[in-house]
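The values are calculated or read from the model by the stated rules, or taken from the named source; none is laboratory data. On a predicted model such as this, the values are computed, not experimentally measured, just so you know. Note: ideal-geometry Cβ built from the backbone for every residue, glycine included; neighbour counts use all protein chains shown.
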Amino acid sequence: MKPNTATTVVAAALYLMAGAVAAQISDNVVKIGVLTDMSGTYSDVSGPGSVEAVKMAVEDFKAKEKPAFAIEVVAADHQNKGDIASDKARQWFDRDKVNVITDLVTTSTALAVMKVAKEKNKIAIVSGAASTRITNEDCNDVTVHWTYDTYALANGTAKAVVQQGGKTWFFLTADYAFGQSLEKDASDVIVANGGKVLGSVRHPFPGTDFSSFLLTAQASGAQIIGLANAGQDTTNSIKQAAEFGITPKQSLAGLLMFISDVNSLGLKATQGMYLTTGFYWDMNDATRAWSNQFFARRKAMPTMVQAGLYSAVTHYLQAAKATGSNDTQKVMAAMKKARINDFFASNGYIRDDGRMMHDMYLVQVKKPEESKYPWDYYRVRQTIPAEEAFQPLSRSKCPLIKN
Amino acid sequence: MSEIFGVPVAALMGQLMLGLVNGSFYAMLSLGLAVIFGMLNIINFAHGALYMMGAFLAWMGLTYWGIGYGTALILVPIAVGVFGVAIERTLLQWIYKLDHLYGLLLTFGLALVIEGVFRYQFGVSGKPYGIPEPLTGAFNLGFMFLPKYRAWAICVSLTVCLATWFMIERTRLGAYLRAATENPQLTQALGINVPLMVMLTYGFGVGLAGLAGVLAAPTFQVSPLMGSNLIIVVFAVVVIGGMGSILGSIVTGIGLGIIEGLSKVFYPEASSVVVFVIMAVVLILRPAGLFGRDS
């Protein structure tokens, strides 16, 4: 009898142990969903490059940390549409047991997925989208906004331009949540620094011909035409402004430009422009080392969205390992507790409103003759400390923050 | 300075001019679609992709083989046309007798494949194509600076549109084409090689798309998405003008370009919708389109 009892006890213990482990990391798998624009306007900014960055993060994490759990990555195309994004998020959370959805380029999709994540008690890490709404009026406790936001962009670029004498502004704004948010944040910064906003024109997203809007901007007589749009809308605006002789009489300020935009327009068209970025590949040995690995896989240098995504996913996986859990609250608490130190951020941390605080950089695009090797595009003019780059909590509209 | 609804007349004239520029692009693209639909009964959804291909061929020609803009303007439409002929011979010719839907689906699929190939190869951010040296600079029209290149684009596209209209409506070749559309069997019985004509028509139609692509390359960023951004509007133009109507597509293309330009002045937010509102109204009042004949 005795051996049998012993067997039963051992079996029961094993069963309980297995149960206990399962309660921590469900099925012993951490599943990451990359929801991004795989083929549209923003697919160079994030898209397949973002999926690659996540895969790199997972590979490096596995090699370095040797986790006891398996890690899976799934990816899908949200086509920059909020409804598609939220449908996919529901499917991933409900059926496919995805623990965290990330990338989320385009503000409308980020806002949609954040809501679903809150409802399903899962995590959303936004790297692609820009609106400050994500950590302000629409904030929640399961979302982290990693790479940049419209406040940081406006604060970096608009402030620098106003201080250099660009006092009067006219905006060319993409007519959706992101563009409006960027215009508003930039206007606040301009006025606060003694500049003046003469007006704005809102163009449909995505647009093709911007000449009409540019003529309106030209007629305003503003010194600076602020481009509160992104991706191809920005590149076409810049190209057409040159065609109509608007530049160099009036100057353009690209409020959100990525290195992929500069690469596609060329330095001749973009030289001298100021822009704010969360990452530049050629800053130090660590950024160069990672970016060169990325380049070997994608044949392009990473944008800040892609670099930020690597950092975010690594941080998430470290929190999952530290807590031995993929429970949303436990992992979020661990993520908010640990500091972020990697090639992307130094001494970064996540605030209660979900904002990941890290330094931003004001850069100026080099002249063609100053560029010595491929992708040698920026001169870093200023490091903007995290506390200055992002909106202070005292002005927060996030319900989680008690002011 | 006098004003109309709060907008200075000079600014308004500028916007009208820009509307004309865009309208002439719409006209050239919708003309190709109308010709193809009229002769082949195919709703060619690959048109935008072929326009994009034209722009990319111009860029590739300049970057890889040193072929300048002027040469590209002649060679690229021919290359795109030949590509079109290959499509017609291998795919389209089998589906003429089927419902429109099959042609639409086939060409839509083709468009996705062509775009996908270019996107894979070049990414979506696109490639810069400079304005050719003799056409840089602008004319001062008093009320606006019209870039020389845009003026050139209007001239080329209007000339091509009118020449096409003349060829189809006023020449013997055009008469054959129209006869082949009306009654292919009888036309063939009279000794005219109808399949050859159909093939060349498709090649010509998509060649126009290629030409529009070359014309667009210096003003828009050459990108795999440039066709799909434009094609929906162009289809609306064809529907408003009357499917298959040559003159209809030219007039409507230019007209809608101007209306769109005006909406950009008075209510920019609506500028991407206005074309479709007009389409809905026209379809309610005249289901065959403004210039279409009721069948």
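For this structure, a couple of remarks:
- Here is the figure for region B:76-118: residues that are of a type in the set (Lys, Arg), in a loop (DSSP other than H, G, I, E, B) and at pLDDT 90 or above total 0.
- Of residues in region B:275-289 being buried (at least 18 other Cβ atoms within 10 Å of the Cβ) and hydrophobic (A, V, I, L, M, F, W, C), the one farthest from the other protein chains (Cβ to nearest Cβ): B:Val282
- Residue pairs whose Cβ atoms lie under 7 Å apart, separated by 6 or more positions or on different chains, with the first residue in region A:208-224 and more than 7 Å from chain B (Cβ to nearest Cβ) and the second among the aromatic types (Phe, Trp, Tyr), are A:Leu214/A:Phe244; A:Ala217/A:Phe170; A:Ser220/A:Phe170; A:Ala222/A:Trp169; A:Ala222/A:Phe170; A:Ile224/A:Trp169.
- Near pairs, Cβ below 9 angstrom, 6+ apart or cross-chain, from region A:315-332 (within 21 Å of A:Ala63 (Cβ to Cβ)) to any residue that is among the aromatic types (Phe, Trp, Tyr) and assigned to a helix (DSSP H, G or I): A:Leu317/A:Phe61; A:Gln318/A:Phe61; A:Lys321/A:Phe61
- Filtered by the rule that a residue be touching a residue at least 12 places away in the same chain (Cβ under 8 Å), assigned to a loop (DSSP other than H, G, I, E, B) and out of contact with any Gly (no Cβ under 9 Å at 6 or more places or on another chain), region A:335-354 gives A:Ala338, A:Phe343, A:Ser346, A:Arg351, A:Asp352, A:Asp353, A:Gly354.
- Subset tally (residues that are outside any helix (DSSP H, G or I) and surrounded by 18 or more Cβ atoms within 10 Å (Cβ to Cβ)) for region A:317-326: 2
- Residue list for region A:267-284, restricted to those being out of contact with any Lys or Arg (no Cβ under 9 Å at 6 or more places or on another chain) and part of a loop (DSSP other than H, G, I, E, B): A:Met273, A:Gly278, A:Phe279, A:Tyr280, A:Met283, A:Asn284
- Of all residues in region B:234-263 being within 14 Å of chain A (Cβ to nearest Cβ) and surrounded by fewer than 23 Cβ atoms within 10 Å (Cβ to Cβ), the one that is farthest from B:Leu112 (Cα to Cα): B:Leu262
- For beta carbons closer than 7 Å, sequence separation of 6+ or different chains, a first residue in region A:38-56 that is basic (Lys, Arg) and a second that is at pLDDT 95 or above, the qualifying pairs are A:Lys55/A:Val73.
- Scan of region B:153-210 for residues that are among the small types (Gly, Ala, Ser), within 30 Å of B:Phe139 (Cα to Cα) and surrounded by fewer than 20 Cβ atoms within 10 Å (Cβ to Cβ), ordered by number: B:Ala163
- Checked against the criterion of being modelled with pLDDT of 95 or more, surrounded by fewer than 20 Cβ atoms within 10 Å (Cβ to Cβ), of a type in the set (Val, Ile, Thr) and assigned to a helix (DSSP H, G or I), the candidates A:Thr287, A:Thr314 yield just one match: A:Thr287.
- Verdict on B:Val156 being closer than 24 Å to B:Ala86 by Cα, within 22 Å of the chain's Cα centre (by Cα) and away from chain A (no Cβ under 11 Å): no
- Looking across region A:355-373, just one residue is part of a loop (DSSP other than H, G, I, E, B), without any contact (Cβ under 8 Å) to a residue 60 or more places away in the chain and in contact with a helix residue (DSSP H, G or I) (Cβ under 9 Å, 6 or more places away or on another chain), and that is A:Asp359.
- When the criteria are applied in full, A:Thr235 meets the requirement of being within 10 Å of chain B (Cβ to nearest Cβ) and within 27 Å of A:Ser291 (Cα to Cα).
- Test: residue in region B:199-221 that is at positive phi and more than 14 Å from chain A (Cβ to nearest Cβ): no
- Only one entry in A:Thr270, A:Thr235, A:Thr276 is on the phi < 0 side of the Ramachandran plot, out of contact with any His (no Cβ under 7 Å at 6 or more places or on another chain) and free of Cβ contacts under 8 Å to residues at least 60 places away in the same chain, namely A:Thr235.
- When B:Gly32, B:Gly38 are checked against the criterion of being in a helix (DSSP H, G or I), more than 11 Å from the chain's Cα centre (by Cα) and at pLDDT below 95, a single residue qualifies: B:Gly38.
- Filter result for the condition that a residue is more than 19 Å from B:Gly14 (Cα to Cα) and surrounded by fewer than 22 Cβ atoms within 10 Å (Cβ to Cβ), over A:Ala219, A:Ala192: A:Ala192
- Any hit, region A:171-187, residues being closer than 21 Å to A:Leu104 by Cα, among the charged types (D, E, K, R), buried (at least 24 other Cβ atoms within 10 Å of the Cβ) and within 14 Å of another protein chain (Cβ to nearest Cβ): yes
- Across region B:264-274, the qualifying residues are those that are in contact (Cβ under 8 Å) with a residue 24 or more places away in the chain and in contact with a Ser or Thr (Cβ under 8 Å, 6 or more places away or on another chain), and the one among them that is farthest from the other protein chains (Cβ to nearest Cβ) is B:Val265.
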